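The values are calculated or read from the model by the stated rules, or taken from the named source; none is laboratory data. Just so you know, these numbers come straight off a predicted model, no measurement behind them. Virtual Cβ from ideal backbone geometry, glycine too; neighbours counted across all protein chains shown. In case anyone asks, the SASA skips ligands and DNA or RNA and just uses the protein heavy atoms, side chains included. Shrake-Rupley method; radii C 1.70, N 1.55, O 1.52, S 1.80 Å.
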Amino acid sequence: GQSLEQPSEVTAVEGAIVQINCTYQTSGFYGLSWYQQHDGGAPTFLSYNALDGLEETGRFSSFLSRSDSYGYLLLQELQMKDSASYFCAVRDEAGSTLTFGKGTMLLVSP
Amino acid sequence: NAGVTQTPKFQVLKTGQSMTLQCAQDMNHEYMSWYRQDPGMGLRLIHYSVGAGITDQGEVPNGYNVSRSTTEDFPLRLLSAAPSQTSVYFCASSSDRVDEQYFGPGTRLTVT
């Protein structure tokens with residue numbers, strides 16, 4: 001089956017840079033996705049890496065190393081509104097849906 | 001486009017009652033999934049569908065049924081509610097880009 005490990009909580013201050021790591025074990029790998037979820041809200045898609053390297057989308061970047069079964073989400077110029085939970089995810093064995101990590105709660109303080 | 005809609009937003013059930021959580025999407029997505037979210041457990045897959053008439057079980061299917069008679073709708077039925085089914089339920093849909101899923105706003109269910 002699929003399993004993903006990520007830290008349960010990360011704290012940082014406004015304006016800083018934070019990295020949220022994710023390691024995974026899968027029986028078949030398509031790519032690594034990242035989702036953001038604010039308290040009480042629905043998860044929203046942030047990024048997807050199918051190939052090794054860094055993908056940048058504004059203040060957010062996501063990195064993948066397939067050989068290490070490892071990826072991370074990098075958030076720059078942190079803002080208070082970035083306080084949320086962040087989930088990494090991989091496709092299931094059939095490639096038809098996603099298996100999610102347990103999530104990392106990011107707390108941004110002034 | 002409304003995206004993915006779910007009803008109701010909140011529901012309280014007594015143990016043993018049954019109910020259906022509704023989910024609909026207007027993006028013509030083939031793939032749809034139901035997840036439950038409990039504190040510290042992340043999102044766990046209950047059932048999913050890869051198209052009308054095709055459904056399959058996820059990680060935690062016991063106590064739930066689904067059907068997919070149309071592309072748009074994917075209802076989740078609780079057969080006999082139990083307190084262990086108290087959770088937040090999310091429906092999601094995607095095109096064949098399964099890695100990019102669109103989530104509904106969720107249904108917060110309490111079973112007493």
How do the strands (runs of 3 or more DSSP E) wholly within segment B:1-104 filter down when requiring 1 or more residues that are farther than 25 Å from residue A:89 by Cα and among the aliphatic types (A, V, I, L, M): which remain? B:10-13, B:19-25, B:76-78
It is to be established whether one or more residues within segment A:44-51 are surrounded by fewer than 13 Cβ atoms within 10 Å (Cβ to Cβ), under 18 Å from residue B:100 (Cβ atoms) and not aliphatic (A, V, I, L, M). no
Contact list, first residue from segment B:43-56 and more than 10 Å from every other protein chain (Cβ to nearest Cβ) and without any contact (Cβ under 8 Å) to a residue 60 or more places away in the chain, second anywhere and part of a strand (DSSP E or B) and charged (D, E, K, R), beta-carbon distance below 7 Å, six or more apart or interchain, is B:46/B:36
Tell me which of these residue A:68 doesn't satisfy, since it passes every other one: (1) within 25 Å of residue B:4 (Cα to Cα); (2) part of a loop (DSSP other than H, G, I, E, B); (3) away from chain B (no Cβ under 14 Å). (1)
Going residue by residue through segment B:16-31, is there one that turns out to be within 10 Å of chain A (Cβ to nearest Cβ) and modelled with pLDDT of 95 or more? yes
Among the residues of segment A:76-99 satisfying the criterion of being assigned to a strand (DSSP E or B) and open to solvent by 20 Å² or more (accessible area, probe 1.4 Å), which is modelled with the highest pLDDT? A:85
Select from segment A:17-33 the residues that are away from chain B (no Cβ under 14 Å) and more than 14 Å from residue A:73 (Cα to Cα) and write down the one among them that is surrounded by the most Cβ atoms within 10 Å (Cβ to Cβ). A:25
I need a count of the residues in segment B:88-112 that are at pLDDT 95 or above and within 14 Å of chain A (Cβ to nearest Cβ). 16
Name the single residue, out of those in segment A:52-65 being out of contact with any Gly (no Cβ under 9 Å at 6 or more places or on another chain) and surrounded by 13 or more Cβ atoms within 10 Å (Cβ to Cβ), that is nearest to the other protein chains (Cβ to nearest Cβ). A:55
Kindly evaluate residue A:73 against the criterion of being surrounded by 12 or more Cβ atoms within 10 Å (Cβ to Cβ), farther than 30 Å from residue B:10 by Cα, in contact (Cβ under 8 Å) with a residue 24 or more places away in the chain and touching a Gly at 6+ places or on another chain (Cβ under 6 Å). no
Top-ranked residue of segment A:85-98 - restricted to ones that are polar (S, T, N, Q) and at the interface with chain B (Cβ under 7 Å from one of its Cβ atoms), ranked as nearest to residue A:15 (Cα to Cα): A:97
